1. Is it the case that the range 111-120 has a residue that's assigned to a loop (DSSP other than H, G, I, E, B) and aromatic (Phe, Trp, Tyr)?
2. Taking SER364 and the conditions (1) surrounded by fewer than 16 Cβ atoms within 10 Å (Cβ to Cβ); (2) in contact with a helix residue (DSSP H, G or I) (Cβ under 8 Å, 6 or more places away or on another chain), which numbered condition does it fall short on, given that it satisfies the others?
3. Right, ALA71: of a type in the set (Gly, Ala, Ser) and surrounded by fewer than 23 Cβ atoms within 10 Å (Cβ to Cβ) or not?
4. Considering only the range 29-88, state which residues are of a type outside the set (A, V, I, L, M, F, W, C), over 24 Å from the mean Cα position of the chain (by Cα) and farther than 24 Å from GLU187 by Cα.
5. Of all the strands (runs of 3 or more DSSP E) wholly in the range 329-388, which have at least 1 residues that are of a type in the set (Ser, Thr, Tyr)?
6. Checking ALA57 against (1) in a helix (DSSP H, G or I); (2) surrounded by fewer than 24 Cβ atoms within 10 Å (Cβ to Cβ); (3) in contact (Cβ under 8 Å) with a residue 40 or more places away in the chain, only one condition comes out false. Which one?
7. Any residue at all in the range 277-285 that's buried (at least 24 other Cβ atoms within 10 Å of the Cβ) and in contact with a Ser or Thr (Cβ under 9 Å, 6 or more places away or on another chain)?
8. Which residues, counting only those in the range 1-52, are in contact (Cβ under 8 Å) with a residue 60 or more places away in the chain, of a type in the set (A, V, I, L, M, F, W, C) and either surrounded by 16 or more Cβ atoms within 10 Å (Cβ to Cβ) or under 21 Å from ALA194 (Cβ atoms) (or both)?
Amino acid sequence: MQLTNVPHLSSAARAVFEADGIEELYPPQVAAVEAGITEGKNLVASVPTASGKTLIATLAMISAIERGGMALYIVPLRALASEKRAEFAAFEEAGIEVGVSTGNYESTDEWLASRDLIVATSEKVDSLIRNGASWIGDITCVVADEVHLVDDAHRGPTLEVTLAKLMRISPAIQLVALSATVGNAPEIAEWLDAALVDSDWRPIELRRGVHYGNALHFDDGSTKELPVDATEDQTAAIVRDTLADGGSTLVFVNSRRNAEAAATRLAGVVGPDLDEATRDELADIADGLRSASDTETSSDLAAAVANGVAFHHAGLVNENRTAIEDAFRSRAIKVVCATPTLAAGVNTPSRRVIVRDWRRYDGSVGGMKPLSTLEVHQMCGRAGRPGLDPYGEAVLLAGSHDELDELFDRYVHADPEPVRSKLAVEPALRTHVLSTIADGFATTDDELLEFLDGTLYAAQAADQSQLAAVARRVTEYLIANDFLSRDGERLRATGLGHAVSQLYIDPMSAAEIIDGLRTAESDPTAFGLYHLVARTPDLYELYLRSGDYERYVDICYEREDELLGSMPSEFEDHAFEDWLAAVKTAHLLEQWADEVDEGQITDRFGIGPGDIRGKVETTEWLLEAAERLTMELELPGAPAIARARKRVSDGVREELLDLVAVENVGRKRARRLYDAGITSRTKLREADPAAVLRALEGRRRTTESILENVGHPDPSVDDVRTATPSTADDGEDQASLGDFS
């Protein structure tokens with residue numbers, strides 16, 4: 001089908017598609033158009049990666065907008081939201097306004113009412129509904145990307161309930177669900193009352209297979225010689241072979257440590273074959289990686305990238321993850337060694353995918369557990385990109401003939417497992433039962449079950465009794481903690497319950513915070529507050545490693561007076577270890593807020609810089625919620641909570657809070673200014689520019705920017721001489737290392 005034959009598409013929209021080189025549709029896209037995707041019909045598209053799922057979604061959204069509606073594109077990850085927003089921005093030439101919303105859960109983002117197409121995470125959409133965003137009812141088309149993630153225990157229930165709410169708000173809404181790997185796509189389509197396009201067509205061939213001995217064994221029965229030298233392993237041999245053919249490789253391993261180790265080893269394979277121009281480009285990228293985070297992790301990453309290889313995992317700061325993804329897409333970086341999280345939707349295709357580790361540690365079984373077929377197929381789908389690769393190959397590694405047979409049976413020839421709802425468990429239902437009642441979707445137990453009847457769980461479960469039993473227990477928990485009240489059959493959210501729902505925190509987190517704050521006999525300390533939020537289910541505690549127990553027992557008793565709430569007995573093994581894990585987490589947060597160097601923190605706690613940033617962001621969010629709860633309940637301590645929140649947000653001691661409020665002044669620059677006697681915004685505004693320049697080590701552009709931001713009457717330093725001419729041109733930005741603002 002030619003693009004010109006697609007119905008209900010304006011000439012302006014067609015021009016945007018054509019400018020992107022799209023003139024003829026792929027077979028799955030044709031099937032979607034024939035199923036009524038541009039006429040407002042619901043659709044589930046189970047289509048391989050690189051086969052045009054996004055175009056299917058775009059056709060649905062653009063045609064809905066051109067009919068006078070509003071479109072919403074739901075993604076599972078913030079990084080994917082930015083990527084999709086950039087992709088859809090091309091349609092602004094056709095008069096379509098695009099917006100993205102991912103953070104600040106206690107907001108209605110009313111500015112989005114003027115946008116035609118909105119990209120957001122499922123959590124953000126859920127929070128917008130809870131906070132009463134006026135424009136939600138104007139949405140006429142919703143796309144759920146990576147819909148198979150309803151199977152995910154953490155993110156799945158939110159996506160599932162959010163779709164159920166949107167269907168309840170606008171019964172005529174068009175729903176489009178996308179996935180490359182749904183083992184029970186007809187069941188998902190039935191739940192959404194949608195037509196199904198279920199296709200295995202790809203624009204370029206993808207072959208899946210297993211490397212064993214000195215050959216690749218493929219799913220079509222063919223083999224390809226690929227010998228392994230005595231001095232190298234299978235992964236290195238496959239990477240070398242891919243490089244010789246001009247391709248890139250994505251290697252999936254089962255842990256961060258293995259990703260880093262594999263990248264370091266493969267740098268010796270890739271580096272010697274790089275040309276001078278690529279080396280220069282990679283050197284620039286490596287410099288940017290070092291600037292983003294002053295840690296050993298970032299230094300190791302930069303060293304690998306200089307040789308054409310990167311590692312990618314959640315321990316990296318966002319800036320470095322994005323830089324790696326961009327450089328891999330441009331093929332400057334030839335190999336990325338990643339944990340499975342990279343397979344969750346970010347667009348990083350390669351010539352070959354190597355699934356090196358098909359088992360990973362699972363604490364619930366106390367050992368290594370095979371990956372699901374769905375996960376492995378998601379990884380395999382990253383192989384091959386139209387326009388750059390003549391083919392794609394996805395390879396698992398076997399060390400014996402028996403393992404070769406097992407991998408073919410388990411992954412190569414197997415279909416992905418069916419997607420199953422994870423809604424009927426208390427942690428998932430606590431927040432969603434509260435929000436369902438607070439938002440007015442249900443006012444009695446029967447109405448609550450009626451609402452839940454619109455979820456995937458209800459569509460899949462032959463027996464609804466488990467869901468009803470869990471919902472009943474959760475409702476009683478919410479009543480006991482004063483989040484809900486019952487008057488006869490009628491359920492309603494209390495003022496506190498509405499606040500907790502809008503704050504978008506787990507009700508159990510709210511109960512823990514409230515209980516702790518009520519025990520405070522004076523203003524809580526920052527350490528006590530960090531420990532309090534570290535005990536909540538919304539903030540993952542650090543693990544107690546070997547040798548940690550005695551250290552944190554000592555800290556626990558030394559600072560017992562600061563801790564909020566009731567400390568469990570040492571004889572309550574599990575509860576006391578959780579308490580100590582929260583002490584360890586609070587210790588990390590306090591060190592960050594005490595301006596301890598980021599590299600020292602990562603070394604002391606054995607984590608990555610991205611982990612610090614993640615815990616800081618979550619702590620800031622939970623302390624902001626704690627401030628709101630103190631006001632709701634008229635408890636003391638709000639100013640102390642605000643100071644602790646600001647300190648952890650900016651990573652500074654209390655005396656620097658005024659300075660870091662100036663744009664472009666982070667934790668290290670603020671400390672340099674303070675130590676030079678420039679101790680406040682007022683003093684900075686009145687300071688001699690030469691003194692500021694000296695404090696900032698001769699960085700002229702930075703100095704002028706900061707002086708301008710603070711409102712200095714004469715921010716220019718053009719005529720100021722400096723004793724450090726080597727940095728006067730701001731070859732930048734080593735001065736901002738460790739700044740987090």
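The values are calculated or read from the model by the stated rules, or taken from the named source; none is laboratory data. Note that the structure is predicted; figures quoted are calculated from it, not measured. When we count neighbours, we look across all protein chains shown, and the Cβ atoms used for this are built from the backbone with ideal geometry, even at glycine.
1. No, that holds for no residue.
2. (2) is the only condition that SER364 fails.
3. No, not satisfied.
4. Matches in the range 29-88: SER63, GLU66, ARG67, GLY68, GLY69.
5. In the range 329-388, 359-362 are the strands (runs of 3 or more DSSP E) which contain 1 or more residues that are of a type in the set (Ser, Thr, Tyr).
6. ALA57 satisfies every listed condition except (2).
7. To start, the set of residues in the range 277-285 that are buried (at least 24 other Cβ atoms within 10 Å of the Cβ) comprises 282.
If we keep only those that are in contact with a Ser or Thr (Cβ under 9 Å, 6 or more places away or on another chain) too, we end up with none.
The answer is no, given that none of the residues of the range 277-285 is buried (at least 24 other Cβ atoms within 10 Å of the Cβ) and in contact with a Ser or Thr (Cβ under 9 Å, 6 or more places away or on another chain).
8. Let us first name the residues in the range 1-52 that are in contact (Cβ under 8 Å) with a residue 60 or more places away in the chain, namely 10, 12-13, 15-16, 19-20, 26-28, 31-32, 35-37, 40-52.
Adding the requirement that they be of a type in the set (A, V, I, L, M, F, W, C) leaves 12-13, 15-16, 19, 31-32, 35, 37, 43-45, 47, 50.
Answer for the range 1-52, where residues must be in contact (Cβ under 8 Å) with a residue 60 or more places away in the chain, of a type in the set (A, V, I, L, M, F, W, C) and either surrounded by 16 or more Cβ atoms within 10 Å (Cβ to Cβ) or under 21 Å from ALA194 (Cβ atoms) (or both): ALA13, VAL16, ALA31, ALA32, ALA35, ILE37, LEU43, VAL44, ALA45, VAL47, ALA50.
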